[in-house]
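Data block below; observations after.
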Amino acid sequence: DGVEFPVEVSLSPLETAEGRLRVSAIRDVTEKKQAADQLQQAEERFRTILEAAPDAIVIVDEEGRMVLVNAQTEILFGYERQELINRPVEYLIPHRWRDHHPQHRRRFSAAPRVRPMGVDLELLGLRQNGVEFPVEVSLSPLETAEGHLTTAIIRDVTEKRRAANQIKRNNAQ
């Protein structure tokens, strides 16, 4: 009918009594190509959403290395994306807490669930310039073909803390 469609072609030699023949197998890969296109579109949508998020998003592998960060992470922490990828997530927290953080990661990995991190604790992030700042962090486990990942959504709460402190000062007067 003249309709074109994507194919895969395999060629193999075949020895026969009459001589060498060539065997070809031709497969219609329309569905395979459509599935690949849909996956690519889904990945593009995911990246678009990730980049549009108002908070920093850091995705960490089982070893605690950052495998994906968004633009807000770059802005919030002052690093270029390539400076963060494959670095330990502890790179983003104050030095005095870095030794203890891997054990917190292991506890989360042992019983992963969506939850805020450090409830009733003051969490701090560390910018590239050495400035510490208050953050709220939400954690979420993510199962992928590559293994277990953890998504951390990080929000700078400097202004929120300032406002809360101002309200306390006003109420104390």
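Report, ordered by the first and then the second residue, all pairs with beta carbons closer than 6 Å, sequence separation of six or more or different chains, a first member in region 133-148 that is of a type in the set (S, T, N, Q), and a second member that is surrounded by fewer than 15 Cβ atoms within 10 Å (Cβ to Cβ) and part of a strand (DSSP E or B).
Listed pairs, sorted by first residue: S138/P116.
Exactly one condition in (1) open to solvent by 70 Å² or more (accessible area, probe 1.4 Å); (2) in a strand (DSSP E or B); (3) among the β-branched types (V, I, T); (4) closer than 17 Å to V137 by Cβ is not met by V9; state its number.
Here V9 meets the rest and fails (4).
For region 54-85, give me each residue that is open to solvent by less than 60 Å² (accessible area, probe 1.4 Å) and in a loop (DSSP other than H, G, I, E, B).
Once the filter is applied, which keeps residues that are open to solvent by less than 60 Å² (accessible area, probe 1.4 Å) and in a loop (DSSP other than H, G, I, E, B), region 54-85 yields D55, D61, G64, N70, G78, Y79, I85.
Take A56 and decide whether it is of a type in the set (A, V, I, L, M, F, W, C) and over 12 Å from A152 (Cβ atoms).
Spelling it out, it is not the case that A56 is of a type in the set (A, V, I, L, M, F, W, C) and over 12 Å from A152 (Cβ atoms).
Give me the pairs: first residue in region 102-131 and among the small types (G, A, S), second residue part of a helix (DSSP H, G or I), beta-carbon distance under 8 Å, and six or more apart or on different chains, which are they?
Partner pairs satisfying both residue conditions: G125/L76; G125/F77; G125/L92.
Would you check if there is a residue in region 32-53 being touching a residue at least 40 places away in the same chain (Cβ under 8 Å) and either within 23 Å of P141 (Cα to Cα) or basic (K, R) (or both)?
yes
Quickly run through region 21-73 and pick out the residues that are closer than 29 Å to A110 by Cβ and among the small types (G, A, S).
Within region 21-73, A53, A56, G64 meet the criteria.
Given region 86-173, what strands (runs of 3 or more DSSP E) lie entirely inside it while holding 2 or more residues that are hydroxyl-bearing (S, T, Y) and surrounded by 14 or more Cβ atoms within 10 Å (Cβ to Cβ)?
In region 86-173, the matching strands (runs of 3 or more DSSP E) lie at 132-144, 147-156.
The values are calculated or read from the model by the stated rules, or taken from the named source; none is laboratory data. This is a predicted model, so every value here is computed, not measured. Note that we place each Cβ from the backbone using ideal geometry, even for glycine, and neighbour counts take in every protein chain shown. Heavy atoms of the whole protein, side chains included, go into the accessibility calculation; ligands, DNA and RNA do not. Shrake-Rupley method; radii C 1.70, N 1.55, O 1.52, S 1.80 Å.
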